[in-house]
C-alpha cells in the first residue's frame, strides 16, 4: 500500500494505492471523514456495479444509495447532472451526506461536480476503477461535464476528502483500456521521472500481465508525479501545463475522429509521438532519447491506426479552447524526466510533426 | 459613496454603495480586475435592460455581450443555466472572460453560479438592482438555482471580484419591492445594529420616498452587518445562522403559499413577527422591545394578508432542508441589536407564535 499526499492551497488529502481497498471502504471513510455519514451516496456505472457492487457494500452497516450514470461520453452532460441531483434530493440527501464516485474518469468527473454543487457542496471520495482514473483524473480536483459546444466546458475545482485506488479492481479492466491508461504513466515518466521510464521499459510484461506489485509501483509513481505538479500549481496557471504533454495533438485527434475511434490514452499516445518529433527537431531530446521514448509508447500499444489529413488535425488543434487563434504554446520533453512549454510553435512545425505521426499511424494496423 | 470590505478565508473584495455607479462601470471594473477583459458578458433581465441598458453600456469601449434571463423564480433553473452556458461558449467565452450579474436576486444567484462553473470558474461582478439584492443576496457568495424538489438545492459558494450597488437604480424599483427589501434591513438592525433600528424608526418617510442619502445610509449599514457576519462564518457553520431571523417561518409561508403570494421580504416580515412573539414569551426581549420592533415591521408594510392554518405552516417549516425532523433550532432576537440560536424550540411554541402572527395577517388587509 502506498500513500501519496496532495497539498494545495484549498485542500489536503491522501491518495491510497494498493490491493483490497474496496472491501474495507467503510472503516477507511470513517477514519478520513471522522465518522460515517448517515447518508452515503455512490455514483457508479451499471457494468462496474455488476462486477464490484457486492464487494463494495460489504463493509457498510447500511447499504449506500446507488446512483447510476449510463456509460459513455454522451452521458457526461448537464442532463445527467440534473437527473442525479434530483435523485439525491428525493432520497433525502442533506449537507452532511457523502458521495462516493466509484468508476472511471467520467464517473469521477460527474461525481466530483455533483458533490461540488449539491446544496453548495458536500463531501466526496474518489474510488477510481480504471487505470486512467487511478493515475490521472481522480487526482487534481478537476470535475465537470461537456456541453454540445465542447468538452469539459462546465465544472468546478473540487477536491475529494480522499482517493482510494484499488489495484485489484483493475483485474476486470479490458486490456485495451489498461494499455491506453498506461500512456498517461509514460507521459508522467517522460516529464518528471526518469526512473519510472526505465521501470516501464524493463517491466512491460509484468505490468501488462497486471502483476500487483508492478502495477502498484507504476500507479503510485504516476500519482506522485501528478500530485507533485498539482501541489505547486492547483489552477493550471503555469507548471500544471506540462501534464498536457501529448494532449494538444491528442485532443485534436479525438475531435477529428468524433470521440469514437480512440480512447483518451490512445490519442495521448499518438500525441506524444508528434511531440517527440518536434522535440527532436528542436534539439530538446537527442536522437537516441527520441528512439527510446517512441519505442516505449509503442511497447504499450498497439495504438489504433488512423486515416486522417494532417491539415485537419492541425485545424482541430487550433479550435481547442486552450489554443484560441492557433497553437503556439506546446509542451515538449526536455531529455528524459523533464519538460517545458514553448510559446512559439509554428504551423508548419506542427503540421510536419502531425504528418510524421500520421504516416506511422497509417501503416500500423491494430493487432 | 460607502465602501464595505468583505474578507473571508476564500475571498477579499469591496462592496460599493452609492449613486451613479452604473455610468462608470468600465473604469471601476478595470481598477478592480486590473484590466478590462477582452470579453465581458452581462446577465440581466429584459425589464432591467430596457430601463438601464443604455446607461450600463455607456462607459464600455466595446458593448458587452448580453445574456437574458427571463424574470421569475421558475427560470432560476438548471435549464436556464445550460442555455446560458451554451450561449457563452458560442460567443467565444474563455477563462479570461468576465461576467457581470446585473439585476435582482435571481439574476445574481444564477449569474454567480454561471461564473462558478463556466470553464471551472471565471471572474464575476455583482451589480444588484433591487433593494433586497443590494443589502442581502449580492453579498456572501451564495449562488445557485432551484430543483423541482426544492429551492436553492444546487449551487456553489462563489464570491465576486466586487459588488457595485447603485442606489440611483432603485428609482425604478416598484414600491412593493422596496418595502419588502427593507424587511431584510430591519432584520439586520434587530440582530446586530441598534442604531440602524433607530434610524429606520425615525426616517421611514425619507427612506420610502427614496431619499438618496437615507437609502445610502440604510443600505451601507445593512451590507456592513451582513459582511461582518459572513467574514466570521463564511460557510454557515454557526454565526451566519443569525442572518436567518424570520426566515424559518418566512420560508414556510412562501412554501405554503406556492411562492406566488408573497415576496421574499414580505414572508420574512411575517416570519419576524412570529419570531418576536417567541422571543417575548421566552424573555429574550421585553414587552416594550416587542412592541417597538413589531411596529417597525408594520411601518414598512403593509404585509399582504394571509389565510392559512397554523398547522400547515408548522408542517411546511418542518419539511425545509434545514429542519429535517421538525424545527428545533430557531433564531431569536436578544434585546435590540443582538441575536442567538435556540436549539430546543417545541412544536406547541412554534404553533402558538404562528397562530399569533396569522391572526394579525388575517385582519390586516393590504392597502
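Quick check: anything in segment B:180-189 in a loop (DSSP other than H, G, I, E, B), closer than 30 Å to residue B:276 by Cβ and in contact with a helix residue (DSSP H, G or I) (Cβ under 9 Å, 6 or more places away or on another chain)?
As a first pass, look at segment B:180-189 and keep what is in a loop (DSSP other than H, G, I, E, B): none.
Checked segment B:180-189: no residue is in a loop (DSSP other than H, G, I, E, B), closer than 30 Å to residue B:276 by Cβ and in contact with a helix residue (DSSP H, G or I) (Cβ under 9 Å, 6 or more places away or on another chain).
From the list A:191, A:219, the lone residue that is surrounded by 19 or more Cβ atoms within 10 Å (Cβ to Cβ), at pLDDT 95 or above and more than 14 Å from residue A:4 (Cβ to Cβ) is A:191.
For residue A:69, state whether it is within 14 Å of chain B (Cβ to nearest Cβ) and more than 16 Å from residue A:22 (Cβ to Cβ). So residue A:69 does not fit the description; no. Scanning segment A:105-117 turns up no residue that is part of a loop (DSSP other than H, G, I, E, B) and either modelled with pLDDT under 95 or surrounded by 19 or more Cβ atoms within 10 Å (Cβ to Cβ) (or both). Under the condition of being in a loop (DSSP other than H, G, I, E, B) and within 14 Å of chain B (Cβ to nearest Cβ), the residues counted in segment A:1-42 number 5. Hey, does segment A:282-293 have a residue that's touching a helix residue (DSSP H, G or I) at 6+ places or on another chain (Cβ under 6 Å) and over 17 Å from residue A:357 (Cβ atoms)? No; the residues of segment A:282-293 include none that is touching a helix residue (DSSP H, G or I) at 6+ places or on another chain (Cβ under 6 Å) and over 17 Å from residue A:357 (Cβ atoms).
Within segment A:72-85, does at least one residue satisfy the condition of being in contact (Cβ under 8 Å) with a residue 40 or more places away in the chain and away from chain B (no Cβ under 14 Å)? Full working, then the answer.
Taking segment A:72-85 and keeping what is in contact (Cβ under 8 Å) with a residue 40 or more places away in the chain, we get A:73, A:76-78, A:80-81, A:84.
Of the ones still in play, those that are also away from chain B (no Cβ under 14 Å) are A:73.
There is at least one residue in segment A:72-85 that is in contact (Cβ under 8 Å) with a residue 40 or more places away in the chain and away from chain B (no Cβ under 14 Å).
Being part of a loop (DSSP other than H, G, I, E, B), crowded, with 23+ Cβ neighbours inside 10 Å and either within 14 Å of chain A (Cβ to nearest Cβ) or at pLDDT 95 or above (or both), is that true of even one residue in segment B:122-129? Yes, there is a match, as at least one residue in segment B:122-129 is part of a loop (DSSP other than H, G, I, E, B), crowded, with 23+ Cβ neighbours inside 10 Å and either within 14 Å of chain A (Cβ to nearest Cβ) or at pLDDT 95 or above (or both). On inspection, residue A:249 does not qualify as touching a helix residue (DSSP H, G or I) at 6+ places or on another chain (Cβ under 8 Å), over 21 Å from residue A:327 (Cβ atoms) and assigned to a helix (DSSP H, G or I).
Does residue B:45 satisfy the criteria of being buried (at least 17 other Cβ atoms within 10 Å of the Cβ), touching a strand residue (DSSP E or B) at 6+ places or on another chain (Cβ under 9 Å), away from every other protein chain (no Cβ under 14 Å) and within 30 Å of residue B:261 (Cα to Cα)?
yes
For segment A:157-178, the set of residues classified as buried (at least 22 other Cβ atoms within 10 Å of the Cβ) and either under 22 Å from residue A:247 (Cβ atoms) or within 14 Å of chain B (Cβ to nearest Cβ) (or both) consists of A:158, A:159, A:163, A:165, listed by residue number.
Kindly evaluate residue A:233 against the criterion of being free of Cβ contacts under 8 Å to residues at least 12 places away in the same chain, under 20 Å from residue A:159 (Cα atoms) and surrounded by fewer than 22 Cβ atoms within 10 Å (Cβ to Cβ). Steps first, answer last, please.
Working: free of Cβ contacts under 8 Å to residues at least 12 places away in the same chain: yes; under 20 Å from residue A:159 (Cα atoms): yes; surrounded by fewer than 22 Cβ atoms within 10 Å (Cβ to Cβ): yes.
The answer is yes for residue A:233.
Residues being within 19 Å of residue B:181 (Cβ to Cβ) and over 14 Å from the mean Cα position of the chain (by Cα): count how many of those fall in segment B:113-134. The number of residues fulfilling the criteria is 0. Consider segment A:207-216 and keep the residues that are outside any helix (DSSP H, G or I) and without any contact (Cβ under 8 Å) to a residue 40 or more places away in the chain. The one that is surrounded by the fewest Cβ atoms within 10 Å (Cβ to Cβ) is A:209.
Yes/no per residue for (1) surrounded by fewer than 19 Cβ atoms within 10 Å (Cβ to Cβ); (2) farther than 25 Å from residue A:119 by Cα:
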position	(1), (2)
A:6	no, yes
A:10	yes, no
A:29	no, no
A:76	no, no
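The values are calculated or read from the model by the stated rules, or taken from the named source; none is laboratory data. The structure presented is a predicted model; accordingly, all values stated were derived computationally and were not measured. Reconstructed Cβ throughout: ideal geometry from the backbone, glycine too, with neighbour counts over all protein chains shown.
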